[in-house]
There are 2 protein chains.
Amino acid sequence: MQRTEIEDLGEFGLIRRLTEGTVLRQPSTLMGIGDDAAVINPEGKRVVVSTDMLCEGVHFDLAYVPLKHLGYKSIAVNLSDICAMNAIPSQVTVSIAVSSRFSVEALEELYAGVHKACAVYGVDLVGGDTSSSTSGLMVTVTALGLVDGEAAVARSGAKAGDLLVVSGDLGGAYMGLQVLERERVVFKSAPMAQPDLSGHEGILERQLKPEARTDVVREMADLKLKPTSMIDVSDGLASEVFHLCAASGLGVKVFEEKLPIDPHTYETAREFNLDPTLCVLSGGEDYELLFTVAQDDYEKVRNHPKLSVIGHMVDDPEIKTLITKNGLETPLKAQGWDGIAQSNSEETV
Amino acid sequence: MQRTEIEDLGEFGLIRRLTEGTVLRQPSTLMGIGDDAAVINPEGKRVVVSTDMLCEGVHFDLAYVPLKHLGYKSIAVNLSDICAMNAIPSQVTVSIAVSSRFSVEALEELYAGVHKACAVYGVDLVGGDTSSSTSGLMVTVTALGLVDGEAAVARSGAKAGDLLVVSGDLGGAYMGLQVLERERVVFKSAPMAQPDLSGHEGILERQLKPEARTDVVREMADLKLKPTSMIDVSDGLASEVFHLCAASGLGVKVFEEKLPIDPHTYETAREFNLDPTLCVLSGGEDYELLFTVAQDDYEKVRNHPKLSVIGHMVDDPEIKTLITKNGLETPLKAQGWDGIAQSNSEETV
């Protein structure tokens, strides 16, 4: 495999190489890469802006994440924030800082993932920056989106009685990570062993190649369904529910039996001796949309194949309750990933 | 001096601490920090977007840059890119990755500079991200600006015969860096020596606290002066002139005697045994605006106190000429900082 050093190309050469063949698909993009700034024509719409950073050793480990997937994921997770405002993503800027450990070919892999995600979501890569770093790889993406006049949805608009709804299913990305970590441990103790990932493609894809739910945003617009509040599920369902409650000054009741979990995620959690509900509540990185709708909109969501009504908002902000499958009321908790592992080790001791 | 560890606050706590008291000044900012994304109402204008990264050990050295200045500079240099499109900056997002070497108090210093710059330029801090890094400090800023319908100016619109104009004066930031580096060398060999920076405040400020020329953009709008092409001077005048030439498919003639240089910058260059013209052409980090205007606009620029006409564009893209003070025609060269130091050492050998 060829290895071209970054310094052989220089900064301008590297940018050209990584961005050549960039296609502009958005009518709103008047100017993209190649000037001091990009120019966007929102055509009367409002502009939504979000930024996220992914740092090696903190947000990803290149031992299990292929660079192309990392590029794809860095775009998708940012677009998910745009979706969480009820907006349609339109442009991204991508900035990378890299140490000389990385070859030009490695960065091309990363950008192959960036370009792929741009094509899938129809967004334009319109700018960015490249820099050397003293160690590791860091990717910062800023995503822009467009939304009609009053259609933007904040976290703070929920009302008591509103239904709590989530798209897709949850816990898969977390279980995908568990599978990757198990194989890594096996690999360390027996480097010749073949990784046993077969049968887990679905949850591995949830972890390595998450998707932003632009489809859900579009379908809600078609249904003339405007959520009263919305957030995306990046840190775990419980934690995101708490954000909606805090921003809206409300409490919540969540029903365990309504939580959407894919059968394979469920089985894998069992295989790992983890509580599937805990994986759903605290797993994170699902990038599904969590939102509230007025009760009047129940008919629009009740049988929607991509949506699950999982609870409702209540007046008292002190009440954050999970109603378990056997009818018990327990406090809803946001544990984070460490919490899951710990609860598991306690259970299995 | 108190030292609070970042981990004691956690990510959300840190963001709250760094962004509390953030003031929104722009009518175009509908939602700022605190949701999944910011929401901006461009009110019929076009949106200009630019991103820049500043990495420790690459773009700055904390041995001579106070953190507050770094915060200020990280905003100003991004706003300069917005100005280079003939737009007025309106919002920024700031993302930082930091190692545990930095205390919360140190980051507050950095953000004091960010907030200061936002206040000076009337732009709103509307988002960002914070992350830990395995080493060093990295700051990524995305700046947004607004511009009326057809007013955006690219690098590519110059015509043969257009006048080449630059704002302010050049070379000061480079000479400021030379002074800082000299004192650093002195400090290394005699740590008790007091740094001798007195009398150099002007050029030190050009280096440590550069300003974006929003004032020039506004004054050009008042004069109904629309440049035909524009760029900001970040890498050095010659290099930026080449960018305008390349994007517009033209050549250029630049007159040495017209290059704006502050008397103090001139004297300091002489003191350092450097050619002042070379400092102007290749120094960089001046963040002045370099642009072309039609000859018909000569009256608007000729006596403007902030503008200097330094040359004109020519048809033949092969011609990039510097006409020296004694009337000689020599090829204009972009040497970069290393080039200056080298040319100096050659001269003085």
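Taking the range A:206-222 and a reference point 7 angstrom along Cα→Cβ of A:GLU43, the backbone N atoms nearer than 20 Å belong to A:214-215, A:217-222. The mean sequence separation of alpha-carbon pairs under 8 Å and at least six residues apart, normalised by the residue count of chain B, gives a relative contact order of 21 percent. Database remark: amide H of A:LEU322 closer than 5 angstrom to the amide H of A:VAL254, A:THR330, A:LEU332 (H placed geometrically; neighbours at sequence offset of 5 or more, or on other chains; Pro and chain starts carry no H).
With 10 Å bins beginning at zero, the pair-distance distribution over Cα atoms of the range B:236-302 amounts to 17, 46, 29, 8, 0 %. Label zone of B:ALA119 (point 7 Å out along Cα→Cβ, amide N under 13 Å): in the range B:1-45 this covers B:21-24.
For the range A:40-46, the Karplus equation 6.51 cos²θ - 1.76 cosθ + 1.60, evaluated at θ = phi - 60°, returns couplings of 10, 10, x, 6, x, 7, 8 Hz by residue, with Gly and Pro reported as x. With the Kirkwood sum run over all distinct C-alpha pairs, the protein assembly as shown has a hydrodynamic radius of 27.1 Å.
Once the convex hull of the C-alpha atoms of the range B:169-263 is built, how many Å³ does it hold per residue, rounded to a whole number?
Numbers: hull volume 12.8 nm³, N = 95.
Per-residue hull volume (Cα only) is 135 Å³.
Among beta bridges identified by DSSP and lying wholly in the range A:6-147, the antiparallel ones come to about 70 percent.
For the range A:1-49 versus the range A:219-255, the inter-centroid distance based on Cα atoms is 34 Å. Computed from label points 7 Å out along Cα-Cβ, the spacing between A:SER189 and B:THR324 is 7.6 nm. Between amide H atoms placed 1.01 Å from N, distances below 5 Å from B:GLY128 occur with A:THR51, B:VAL94, all of them 5 or more places distant or on a separate chain. Derived scalar couplings between HN and Hα for the range A:86-102 equal 6, 10, 9, x, 10, 9, 9, 10, 10, 10, 10, 10, 9, 8, 5, 4, 8 Hz in order, rounded to whole Hz, by the Karplus curve 6.51 cos²θ - 1.76 cosθ + 1.60 (θ = phi - 60°), x for Gly and Pro.
Restricting things to Cα coordinates, could you compute the convex hull volume per residue of the range A:163-348 in Å³? Before the final figure, lay out the partial values.
Details: hull volume 22.8 nm³, N = 186.
Value for the range A:163-348: 122 Å³ per residue.
Modelled spin labels at B:TYR298 and A:ARG101, positioned 7 Å past Cα toward Cβ, are 5.9 nm from each other. Among the trypsin sites (Lys or Arg not before Pro) in the range A:200-259, those located in a DSSP loop and surrounded by at most 10 other Cβ atoms within 10 Å of their own Cβ are A:LYS224.
Whole-Hz Karplus values for the range B:263-280 come out as x, 5, 4, 4, 5, 5, 4, 4, 4, 8, 6, 10, 6, x, 5, 5, 4, 5 Hz, taken residue by residue from phi with 6.51 cos²θ - 1.76 cosθ + 1.60 and θ = phi - 60°; glycine and proline positions read x.
Length gain on complete extension for the stretch B:GLU257 to B:GLU150, per 0.36 nm per residue less the alpha carbon to alpha carbon distance? Present the calculation step by step, with values, prior to reporting the outcome.
Working: separation 107, 0.36 × 107 = 38.52 nm, distance 3.45 nm.
Between B:GLU257 and B:GLU150, full extension yields 35.1 nm more.
With r defined as the distance between the Cβ atoms of A:GLN2 and B:GLU271 and R0 fixed at 56 Å, what FRET efficiency is calculated, to the nearest 0.05?
Details: r = 49 Å, r/R0 = 0.87.
For A:GLN2 and B:GLU271, the calculated efficiency is 0.70.
Annotation: amide H of B:ARG155 within the under-5 Å range of A:ASP36, B:MET230, sequence separation 5 or more or interchain, hydrogens built in the peptide plane. Secondary structure note: in the range A:163-348, about 85% of the DSSP beta bridges are antiparallel.
The other copies place their B:GLY13 label points at 4.8 nm from this one, listed shortest first, where each point is 7 Å from Cα along Cα→Cβ.
Report the net charge of residues surrounding A:ALA212, where surrounding means a beta-carbon distance below 11 angstrom and charges are Lys +1, Arg +1, Asp -1, Glu -1.
On the way: positive: A:LYS73, A:ARG213; negative: A:ASP81, A:GLU211, A:ASP215, A:ASP232, A:GLU288.
Net charge around A:ALA212: -3.
Tell me the mean residue ellipticity at 222 nm calculated for chain A from its helices only (DSSP H runs of n ≥ 4, each -39500 (n - 2.57), averaged over every residue, nearest 500). Working shown, then result.
Details: 11 runs with 129 residues, N = 349.
Estimated from H runs of four or more residues: -11500 deg cm²/dmol.
Kirkwood analysis of the Cα pair distances in chain B returns a hydrodynamic radius of 21.4 Å.
Net length available on complete extension from B:LYS333 to B:ALA160 is 60.3 nm, with 0.36 nm assigned per residue and the Cα-Cα distance removed. From least to most packed, judged by other beta carbons within 10 angstrom and beginning with the fewest, B:THR93, B:THR22 follow the order B:THR22, B:THR93. Taking GluC sites (Glu not before Pro) as candidate sites, keep only those in a DSSP loop with at most 10 other Cβ atoms within 10 Å, then name the longest stretch of chain A containing none of them. The longest such stretch corresponds to A:151-317.
Here, each number is a calculation from the coordinates, and none is a lab measurement. Worth saying up front: this structure is predicted, and the values here are computed from it rather than measured. All Cβ positions, glycine included, derive from the backbone under ideal geometry; neighbour counts span all protein chains shown.
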